[in-house]
Amino acid sequence: MTNGGGASSHGLIVSFGEMLIDFVPTVAGVSLAEAPAFVKAPGGAPANVAIAAARLGGSTAFIGKLGDDEFGHMLAGILKENGVSTDGVSFDRVARTALAFVTLRADGEREFMFYRNPSADMQLTPQELNLNLIRSAKIFHFGSVSLIVEPCRSAHLKAMEEAKAAGALLSYDPNLRLPLWASAAEAPKEIMSVWDKADVIKISDDELCFLTQNSTLDHQSALSLWHPNLKLLLLTLGRKGCRYYTKSFQGAVEGYSLKRVDTTGAGDAFMGALLRKIVDDFSIFEDEARLKEAVKYASACGAIATTKKGAIPALPTHSQVTTLLTKTTLFPFSNCFSFFNKHN
């Protein structure tokens, strides 16, 4: 890998989409107007995933566009410092790097206010794509924010098409951010427009309810999002754990009881860890014992990521995950998944 921080023999995970600056209040449970100060934290779901996997020893690259400004060059530097290749990063001389102000409720959940009018990530064109990098991916990961506007939407579709044609596994985390969409009616249509192209999909409980228009969390709601070419569907439930579905089996992994400070990036930590575990052996989709261990590892990563403010600063190392996995900090399975047990 070039611009990376060390060569890796692992299969390449290429993550496509946005990278931005999150500004997180220093005090939880207040509005943006009431916050006395903010902590600057690098973020953006696809970039978070790339760094999460790299921090765990994976080989990763990020494809996206940053502003040719101090924030943009800072973010590119953070990618490099974390061992992520920036061979797919370009800079826009007009549009600025995206900013997001993230309010933290007392329970650690977030609300977002974005500054993208437009931001550099929205201006990525198909002609700016590093096709050689995309074609070298073993896993190509993406979200839905890059589907919202042109020209980035066309760049997204082109990159996905090239990766698929080259034999990459396509990984999709919708990462729903409703304030960025023109309307709540437009979001599900566009999110689902690439659904049947993905081999691995991760959704949260909130996203499941939004996409299915069903407030009941049960097997049927999750399975309604299954498509014939899908290899793995993951339903994350926050501190309550995760449910997984494959063509051959389905099951659950318990959650971890840790004090939550900020849930920003928890799903990205989960996804980066999971992709790191599966990138070198796709036969894991046929082996429930190994897949369950991978999901358990990913869940531990997600839990650790909630214990610090900001997304990238909170992404764990392998040693941190190993330490957590040796502790008895799991939520009781029967309590966490009682709503699923009714349908077994």
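The values are calculated or read from the model by the stated rules, or taken from the named source; none is laboratory data. Everything numeric here is computed off the predicted structure, so don't read it as measured data. Because the Cβ atoms are built from the backbone with ideal geometry, glycine has one as well, and the counts that use them run over all protein chains shown. Remember, those area values only see protein heavy atoms, side chains included, never the ligands or the DNA or RNA. Shrake-Rupley method; radii C 1.70, N 1.55, O 1.52, S 1.80 Å.
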- [ ] Just name the residue that is modelled with the lowest pLDDT out of those in segment 4-28 that are closer than 26 Å to Ala100 by Cα, touching a strand residue (DSSP E or B) at 6+ places or on another chain (Cβ under 7 Å) and in a loop (DSSP other than H, G, I, E, B).
- [x] Ala28
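Per-residue answers, yes or no, for (1) over 14 Å from Phe23 (Cα atoms); (2) more than 20 Å from the chain's Cα centre (by Cα):
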position	(1), (2)
Gly43	no, no
Val89	yes, no
Val94	yes, yes
Glu111	no, no
- [ ] For Tyr245, work out the one condition from (1) hydroxyl-bearing (Ser, Thr, Tyr); (2) over 12 Å from Ile201 (Cα atoms); (3) out of contact with any helix residue (DSSP H, G or I) (no Cβ under 6 Å at 6 or more places or on another chain) it doesn't fulfil.
- [x] (2)
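Give me the residue from segment 168-198 that is more than 15 Å from the chain's Cα centre (by Cα) and charged (D, E, K, R) and, out of that set, farthest from Ser15 (Cα to Cα).
Of everything passing the filter in segment 168-198, Glu186 is farthest from Ser15 (Cα to Cα).
Conditions (1) surrounded by 17 or more Cβ atoms within 10 Å (Cβ to Cβ); (2) among the aliphatic types (A, V, I, L, M); (3) in contact with a Phe, Trp or Tyr (Cβ under 6 Å, 6 or more places away or on another chain), marked per residue:
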site	(1), (2), (3)
Ser119	yes, no, no
Leu133	yes, yes, no
Phe142	yes, no, yes
Leu170	yes, yes, yes
Ser183	no, no, no
TODO: Please note which helices (runs of 4 or more DSSP H) are completely contained in segment 208-307 and include at least 3 residues that are buried (at least 20 other Cβ atoms within 10 Å of the Cβ).
DONE: 266-278, 288-304
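Would you check if Gly83 is within 16 Å of the chain's Cα centre (by Cα) and either in contact (Cβ under 8 Å) with a residue 24 or more places away in the chain or open to solvent by less than 10 Å² (accessible area, probe 1.4 Å) (or both)?
Criteria not met by Gly83.
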Task: Single residue of segment 43-77 satisfying the filter (among the charged types (D, E, K, R) and in a loop (DSSP other than H, G, I, E, B)) that is most open to solvent (accessible area, probe 1.4 Å) - done: Asp68
